[in-house]
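Report on the following structure.
The values are calculated or read from the model by the stated rules, or taken from the named source; none is laboratory data. Quick caveat, the model's predicted, so the values are computed rather than measured. All Cβ positions, even for glycine, are placed from backbone atoms using ideal geometry, and neighbour counts span all protein chains on display. For the accessible areas, the whole protein counts, side chains as well, though only heavy atoms, and no ligand, DNA or RNA atoms are used. Shrake-Rupley method; radii C 1.70, N 1.55, O 1.52, S 1.80 Å.
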Amino acid sequence: MLKKWKIALLLTTVVAMLGGCFGEKPVLDELGKDGKGKIKVVYYDEDSFYRQYGNLFNVKYPDIEFEIVNQQEMYRDLQGKEDVDYEEERMKFLDKHKPDVLMIDLEMMEKLVQEGKLYNLDSVIAQEKFDLEGYMPGLVDMIREGGGGSLYGLAPYFYTSVIYYNAELFREHNIEPPRNKMTWQEVLDLSIRFAGVGSGENQVYGYYQRFGGDPQELLLDVANTSSLRFFDAKGEKLVFNTDGWKQMVKLITDSIRNKGVYTQPRDEGNARTFSSDDDLFFKGRAAMIMEGPWFISQIKNRAMWDKDSKNIDWGMVSAPVDPASPDESSYAGLSEIYAIAADSPNKRAAWEFVKFVNGPEMAKAASRSMDGNLPTRNQFMKEIDGKSTEAFYSLRPKAKYDSIWGGPDVEVPSEFYRDFRPILDKELKAVIDNKKTVDEAVAAIQAEGEVALQKGREADKARKEAEQKAKGESGKAEEENKTEGSGSAEAGTAEGD
C-alpha cells in the first residue's frame, strides 16, 4: 500500500514539473520573435496620442507600429447637421475604421458588449496575473457592471469633483472646516454660518457656484446625490410635485436667500451674466467651491496673472454624498475606457498596449504631473503640494449611475430640456424673492413641465414623421431611377438586336 502511495506521489510530482516546464497554453499568441506588430487605435488626434501614450509605449515596444484613427474626423463630418444621434454615428464610425483598440465611454462599452463586439479580458488578465488590486476601490466593479459581470475594458484615469475650501476664512471666523463624506444638507448648513460675514462688495459667502451657478444648477447638483428623479420609471410622467422635491427646493432657496450661497445671476433674456464676482473664491470672499482636480493649478498659478487674487491657504474634502450610501460618489466617473475589438486580428499587440496604458508605469508617470487627470491606480499620487489626495480617492464610484433625468429606457424629447430648465429658474427665483411659497412654485413647475413635455413629444413625433416621409420619397425615387435605367438598358438591347 505504501509503495502504491509513493508511486502516486512521484507521478503527481512529475506532472507538476512537466506543467512547469511546458507552461500553460497562452490565451493570446505571443508577439513574433522580432516583437513586431501593428495596431489601429482610436484617439482624439495623432499628436496628442503620441504625447500621452505612443512615445512612452514605443520605448518599451519599439517595433509595434500605430495607425491612429482620428476621432475628430467624425465630429468634423457632423458639423452643421441637426438632430444628430451621436451614439449611432460613433457606431458607424467604428464599423467603418475597424480599430483594434477602442477608446470609449462606459455607455458605449455597454452597447458594444451587448452586440458582441468587444474582447473579454478576464482570461488574459487571470493568466498574466495583471494587477487589479492596485486600482481605486469600486472602479473595477463599475466597469464589470457595464460588461455584465466581465471585464471588457480598463481605464487609466477617472474624473471626480471635490470641495475646495479657504482654511484661513474658517479659522478667522471660528467655524469648523468641512470634512470628507458630508451630505449636501451639511455643506449648505455650514455655508449659512458665513451669512453675516461682511456686506455689500465685501460680503463673504459660505459656498460659491462658479460657472453655471444659477439656482437650478445648484438644485441639479444637490439632487444628483439623491434618489430623486424627474420622471416615473417608464419616463411617461413628470413627477416633481412630491415631498422629496419640495424639501430639495426649500433647502436650495433658503441657502441662497440667506446669503450662505452665491449663484450667478441671469439677465432678462435668461442669459448668464459674468461680473467682477465671477471669481469670489480667489478674492477671499467664498469659503467653499466644488470643482475638479484641474482647479488645483488655478489655485497655484492664479496670482501670476490676476492682481486681485489672494494667496489661499486651501484644503479639500470629498464631494457631498447621499446619506443612504455615504461611501459612494455620484460625481466620479470614467471618460476613457480602452477596449479591444472582438474581431481584431492583432489582439496580442492590442493587449500589450491596453496593459501598458493601464499599468503601474503609466500611473506613476501621471502622478508626477498634475494636469487634471487622476490615475485610477491610487498608490502613487498620495499628495499634491503637501495636501493629501484622500478627497479624490476616499469614495467609490457608483457601480451603476442613474441620472436624475431617468435611466437608459427613459426617452425624453430634447426640446423638453431646453424648455424645462428656464421654468426651474423662474420658479426657484420666485421662492428666493419671497414671491411664491415652495408649494406654489413646485406645483407650477409640475404643471408647466407637463406642458413642455407634451410639446416636446409632439415635436418629436412630427420630426419622425417628416424623416419617414423623406426616407419613403427617397426610396421611391431610387426605385423609379432603377426602373428607368432597366428600361433604357432593355431598349438599347432591342435596338442592338
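Here's the yes/no breakdown for (1) open to solvent by 30 Å² or more (accessible area, probe 1.4 Å); (2) within 30 Å of M136 (Cα to Cα); (3) hydrophobic (A, V, I, L, M, F, W, C); (4) not in a helix (DSSP H, G or I):
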{"residue": "K400", "(1), (2), (3), (4)": "yes, yes, no, yes"}
{"residue": "Y417", "(1), (2), (3), (4)": "yes, no, no, no"}
{"residue": "L428", "(1), (2), (3), (4)": "no, no, yes, no"}
{"residue": "D439", "(1), (2), (3), (4)": "yes, no, no, no"}
{"residue": "Q446", "(1), (2), (3), (4)": "no, no, no, no"}
{"residue": "Q454", "(1), (2), (3), (4)": "yes, no, no, no"}
{"residue": "A459", "(1), (2), (3), (4)": "yes, no, yes, no"}
{"residue": "R463", "(1), (2), (3), (4)": "yes, no, no, no"}
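Among the residues examined, R229 qualifies as farther than 17 Å from V431 by Cα and crowded, with 21+ Cβ neighbours inside 10 Å.
For the stretch 236-259, residues that are surrounded by 17 or more Cβ atoms within 10 Å (Cβ to Cβ), at pLDDT 95 or above and either in a loop (DSSP other than H, G, I, E, B) or not assigned by the TED database to the domain that holds G406 (or both) total 1. Among the residues making up the stretch 116-130, those that are open to solvent by 50 Å² or more (accessible area, probe 1.4 Å) and either basic (K, R) or more than 17 Å from E145 (Cα to Cα) (or both) are K117, S123, A126, E128, K129.
Here's the yes/no breakdown for (1) without any contact (Cβ under 8 Å) to a residue 24 or more places away in the chain; (2) within 30 Å of Q247 (Cα to Cα):
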residue	(1), (2)
W351	no, no
K364	yes, no
E383	yes, no
R418	yes, yes
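Looking across W314, W305, W294, one residue alone is of a type in the set (A, V, I, L, M, F, W, C) and over 23 Å from G386 (Cα atoms). It is W305.
Quick grid of which residues meet (1) under 17 Å from S255 (Cα atoms); (2) surrounded by fewer than 16 Cβ atoms within 10 Å (Cβ to Cβ); (3) in contact (Cβ under 8 Å) with a residue 40 or more places away in the chain:
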site: N166; (1), (2), (3): no, no, yes
site: H173; (1), (2), (3): no, yes, no
site: N180; (1), (2), (3): no, no, yes
site: E186; (1), (2), (3): yes, yes, yes
site: S191; (1), (2), (3): yes, no, yes
site: E201; (1), (2), (3): no, yes, no
site: Y207; (1), (2), (3): yes, no, yes
site: D214; (1), (2), (3): yes, no, yes
site: L218; (1), (2), (3): yes, no, yes
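Is it true that N378 is open to solvent by 20 Å² or more (accessible area, probe 1.4 Å), polar (S, T, N, Q) and in contact (Cβ under 8 Å) with a residue 40 or more places away in the chain? Spelling it out, N378 is indeed open to solvent by 20 Å² or more (accessible area, probe 1.4 Å), polar (S, T, N, Q) and in contact (Cβ under 8 Å) with a residue 40 or more places away in the chain. Number of residues in the stretch 284-320 that are of a type in the set (D, E, K, R), open to solvent by 20 Å² or more (accessible area, probe 1.4 Å) and at pLDDT below 90: the value is 5. Using the structure shown, decide if D105 is under 24 Å from the mean Cα position of the chain (by Cα), open to solvent by 70 Å² or more (accessible area, probe 1.4 Å), closer than 20 Å to F158 by Cα and in contact (Cβ under 8 Å) with a residue 12 or more places away in the chain. For D105, the condition - under 24 Å from the mean Cα position of the chain (by Cα), open to solvent by 70 Å² or more (accessible area, probe 1.4 Å), closer than 20 Å to F158 by Cα and in contact (Cβ under 8 Å) with a residue 12 or more places away in the chain - is not met.
Find the residue count for the stretch 365-388, including only residues that are under 29 Å from I312 (Cβ atoms) and not in a loop (DSSP other than H, G, I, E, B). The number of residues fulfilling the criteria is 8. Taking P137, is it open to solvent by 10 Å² or more (accessible area, probe 1.4 Å) and modelled with pLDDT of 95 or more? So P137 does not fit the description; no.
Could you list, in sequence order, all residues of the stretch 56-83 that are touching a residue at least 40 places away in the same chain (Cβ under 8 Å) and either surrounded by fewer than 10 Cβ atoms within 10 Å (Cβ to Cβ) or not β-branched (V, I, T) (or both)?
Matches in the stretch 56-83: L56, F57, K60, Y61, D83.
Filter the stretch 333-364 down to the residues that are among the aliphatic types (A, V, I, L, M) and part of a loop (DSSP other than H, G, I, E, B) and list them by number.
Residues satisfying the conditions are L334, A342.
Does E411 qualify as being closer than 22 Å to G235 by Cα, surrounded by fewer than 18 Cβ atoms within 10 Å (Cβ to Cβ) and in contact with a strand residue (DSSP E or B) (Cβ under 6 Å, 6 or more places away or on another chain)?
No.
In the stretch 79-102, the qualifying residues are those that are of a type outside the set (D, E, K, R) and more than 22 Å from the chain's Cα centre (by Cα), and the one that is nearest to A342 (Cα to Cα) is P99.
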